[in-house]
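Engineer: My structure is below; once you've seen it, I'll send some questions.
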Amino acid sequence: MLAYTIRRLLMLVPVLIGMSLITFSIIHLIPGNPAQTILGEQATPQAIAQLEEQLGLNEPYLIQYFDYVGGLLQGDLGQSLRTNADISREIWPFLAATIELTIFAMVFAVIVGVNAGIVSAWKQNSLFDYTAMLIALIGVSMPIFWLGLMQQWIFAQELGWLPAFGRSNPRDPVETVTNFYLIDTLLSGRPDQFWNSFRHLVLPGLALGTIPMAIIARMTRSSMLEVLRSDYIRTVEAKGIHQMTVVYRHGFKNAVIPVLTVVGLQTGTLLGGAILTETIFSWPGIGRYVFDAIGNRDYPVIQSGILVIATMFVFINLIVDLLYSYIDPRIKY
Amino acid sequence: MEPTSPSKNSPFPGPEHQEPQTSVPAAASPWKEAFRQLVKNKLAIVGMIIIGFFILIAIFAPLLTTYTYQSMSAADRLQPPSSTHWFGTDDLGRDIFTRIVYGARISLMVGFFAVIGALVFGSLLGIIAGYFGRWIDMIISRIFDIMLAFPSILLAIAIVAILGPSLQNALIAIAIINIPIFGRLVRSKVISIREEEYILAAKAQGMKSGRILFHHVLPNSTAPIIVQATLGFGTAILEAAALGFLGLGAQPPTPEWGRMLSDSRQYIQSAPWTVLFPGLSIMLVVLGFNMIGDGLRDALDPKMKS
């Protein structure tokens, strides 16, 4: 297990190199002259030359790449073309906003999804099974941005129960330390702000969590159905062990691997996929940060933003893979 | 459809059975059995009706409406649903029903081509990686990791940002981002199958890898591939709509459902029908494909038959 972990960590090196190659290439894949594209049609030749100098586009590719990676290794993500600020400093509040939203959405999705899936498989063909799976089907089929718009319209605009935009009350800004507002508001001893931030999380969190919830519920059910038909489950049942124990302890443990795969994939997808939710709810997250950069042709921000999200996702995948063999000792590497 | 004969569960249907038997070799019977299971599944039938309906309106779109999807009328701005405009009109006075009907063509096409591309490449890579293991698995899994390291919609956005926003580029991007999703799922299934006794038995009999892969591993991996292909059909259509919603997919005046949503979102309070119908259409089509896929899964996986 330890040897495998070390080997997996070493195997991350080529993945990270591959990722850095891809993000490095983004600027070079732009059709035509990148500096010209960034500055627009009206740009003077001097301005183009200056930008090429600034981005190092005149150097040979290999030198450019080593400069880029050298910078990354020192924590230098480059500078935004629009704000001229260091991206490594600028990016954190956006990233924290997305992580907070993702965790909220995923906790909701896993708790509801896994339990709905287990009970549906356990009580197969019951009313609960049909209802839960119909809801899950509709959840999987729902365009998240449409669900968000509808939630916003009903719960924020028509009923006025929850805030529709942003992370907090702009007239009462949160004192930021970690940029996770739920933590920061507690650190500064402001339960009222904590409650307010929590309320801001609810609509985007539920919108973002709906699809993973539905996918997890379906995957859990289908995986559980297969397991519950196994001989050893019948043996455990024959021993007279309580149904609940059979299902949750003996059943789910063996059904968990496909579920885990989906949870891992979905968490990473949410980190980057939050962009739609962030657009609808004006959530200042990393997806928004990258998307705005595309609009502004701010390529250093696009490159670094994508690289940061991707790096986080690689580590999530690693953890999922390590959990496989921990949970199912039959899987040998 | 299915004649309710007492022999329907028998592998040798009686003479009253109408399906021709002569041309079908014995090995095809699990698939015939699966088809019989499928048409018994009510949800799958509902799904087929939904998709059949959308395919029909996509084909016969010009016959269903007297408007064209781009014709504007300032006098008819934001009209509520009525007998002249069944789903109302949008902010440019275009008939929403007409745009929905033509939009079905776009969504179905995007879903089909994106899934076929992703399914073929993803499953092939996943089976190879999971079955052979060792360095082949390492290489393929690293490629998946690198691709999956870019969360799907973000990678799609990046691809479209490079290629330029258009429907065709959105389709290419969606196919690419779905390859590793199929690949990883198939790989994890194959890894668990690889440990089964019947594979060991096949190996002990001296069966070649290719034969084991296509006769034992592939049929036993079908269920998750189909579950994922179904979800994949849905997600491909959803992703195309998402790119359209962000302004990176189909360009105006193409009546793409996601684009229609984003163009109308500012009118949601005054004219909710402009947002309601495109969203419902996306959901129904995706729901239809998901229902069919669920039915297929139940029918194809012998373990799930009760």
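Engineer: Put +1 on the Cβ of every Lys and Arg and -1 on every Asp and Glu Cβ in chain B; which of B:A240, B:A114, B:P165 then has its Cα farthest towards the positive end of the dipole?
Structural biologist: So the residue furthest toward the plus end is B:A114.
Engineer: Mind computing the radius of gyration and Dmax over the alpha-carbon atoms of chain B? Å is fine for both.
Structural biologist: 23.1, 78
Engineer: Of B:I268, B:T89, B:I146, whose Cα points farthest to the positive end of the dipole of chain B (charges on the beta-carbon: +1 Lys, Arg; -1 Asp, Glu; origin at the Cα centre)?
Structural biologist: Positive-most Cα among the choices belongs to B:I146.
Engineer: Return one whole number: the accessible area per residue of the range B:182-246 in Å², for a 1.4 Å probe.
Structural biologist: Here the per-residue accessible area is 39 Å².
Engineer: Count, for each residue of A:133-144, the Cβ atoms from other chains sitting within 10 Å of its Cβ, then give me the mean as a whole number.
Structural biologist: 6
Engineer: Sort A:93-101, A:130-138, B:62-70, A:235-243 by packing, meaning the average of other beta carbons within 10 Å per residue, with the highest value first. Kindly include the intermediate steps, with their values, before the conclusion.
Structural biologist: Details: A:93-101: 21.6, A:130-138: 17.8, B:62-70: 14.0, A:235-243: 11.0.
Peptide ranking by packing, descending: A:93-101, A:130-138, B:62-70, A:235-243.
Engineer: For peptide B:191-200, compute the average count of partner chain beta-carbon atoms within 10 Å of each residue's beta-carbon.
Structural biologist: Taking all residues of B:191-200 together, the mean is 2.
Engineer: Moving to a separate point now. On a 0 to 90 degree scale, rounded to 10, what angle separates helix A:299-327 from the longest Cα axis of chain A?
Structural biologist: For A:299-327 against chain A, the angle is about 30 degrees.
Engineer: Report ³J(HN,Hα) in whole Hz for each residue of the range B:135-144, in order, from the Karplus equation J = 6.51 cos²θ - 1.76 cosθ + 1.60 where θ = phi - 60°; Gly and Pro get x.
Structural biologist: 6, 5, 4, 4, 5, 5, 5, 5, 4, 4
Engineer: Quick one: Karplus J couplings for the range A:30-37, per residue in order, coefficients 6.51, -1.76, 1.60, θ = phi - 60°, nearest Hz, x for Gly and Pro?
Structural biologist: 4, x, x, 7, x, 4, 5, 4
Engineer: Two decimals, Cα atoms only, Kirkwood Rh: what is Rg/Rh over the protein assembly as shown?
Structural biologist: 0.98
Engineer: Quickly work out the A:A85-to-A:Y4 label distance, labels modelled 7 Å from Cα along the C-beta direction, and quote it in nm with one decimal.
Structural biologist: 4.3
Engineer: Go through B:202-211, A:207-216, B:81-90, A:10-19 and give me the packing order, highest mean Cβ count within 10 Å leading. Write down the numbers at each step before the final one.
Structural biologist: Details: B:202-211: 10.9, A:207-216: 26.7, B:81-90: 17.5, A:10-19: 15.4.
So the peptides B:202-211, A:207-216, B:81-90, A:10-19, ranked by packing, come out A:207-216, B:81-90, A:10-19, B:202-211.
Engineer: Taking 0.36 nm per intervening residue step and subtracting the Cα-Cα distance, what contour gain separates B:F214 from B:D91 on full extension? Write down the numbers at each step before the final one.
Structural biologist: Working: separation 123, 0.36 × 123 = 44.28 nm, distance 5.47 nm.
Gain in length upon complete extension: 38.8 nm.
Engineer: Turning to a different aspect of this structure: With the cut-off at 1.5 for a/c, could you classify the range B:63-170 from its C-alpha gyration tensor as rounded, prolate or oblate?
Structural biologist: Prolate.
Engineer: While we're looking at this one, here's another question. Can you give the mean number of other chain Cβ atoms that lie within 10 Å of the Cβ atoms in peptide B:276-285?
Structural biologist: Neighbouring Cβ atoms belonging to other protein chains average 3 per residue here.
Engineer: Quick one: angle between helix A:252-273 and the longest Cα principal axis of chain A, in degrees between 0 and 90, rounded to 10, please.
Structural biologist: Relative to chain A, helix A:252-273 is tipped by roughly 20 degrees.
Engineer: Using protein heavy atoms only (no ligands, DNA or RNA), what is the total accessible area buried between A and B, 1.4 Å probe, nearest 100 Å²? Kindly include the intermediate steps, with their values, before the conclusion.
Structural biologist: Working: alone 18110 and 16460 Å², together 29310 Å².
In total, this chain pair buries about 5300 Å².
Engineer: I've got another one for you. By how many degrees, 0 to 90 and rounded to 10, does the Cα axis of helix A:45-55 deviate from the longest principal axis of chain A?
Structural biologist: Its long axis makes an angle of about 50 degrees.
Engineer: Just from its helices, what would the mean residue ellipticity at 222 nm be for chain B, if runs of 4 or more DSSP H residues each count -39500 (n - 2.57) and the sum is divided by every residue, rounded to the nearest 500 deg cm²/dmol?
Structural biologist: Values: 12 runs with 202 residues, N = 306.
Taking each H run of at least 4 residues, the total per residue is -22000 deg cm²/dmol.
Engineer: Per-residue HN-Hα couplings for the range B:102-115, Karplus 6.51 cos²θ - 1.76 cosθ + 1.60 at θ = phi - 60°, whole Hz, x for Gly and Pro?
Structural biologist: Listing the rounded values in order: 6, x, 4, 4, 5, 5, 5, 5, 4, x, 4, 5, 5, 5 Hz.
The values are calculated or read from the model by the stated rules, or taken from the named source; none is laboratory data. Not measured: the values here are computed from a predicted model. When we count neighbours, we look across all protein chains shown, and the Cβ atoms used for this are built from the backbone with ideal geometry, even at glycine. Heavy atoms of the whole protein, side chains included, go into the accessibility calculation; ligands, DNA and RNA do not. Shrake-Rupley method; radii C 1.70, N 1.55, O 1.52, S 1.80 Å.
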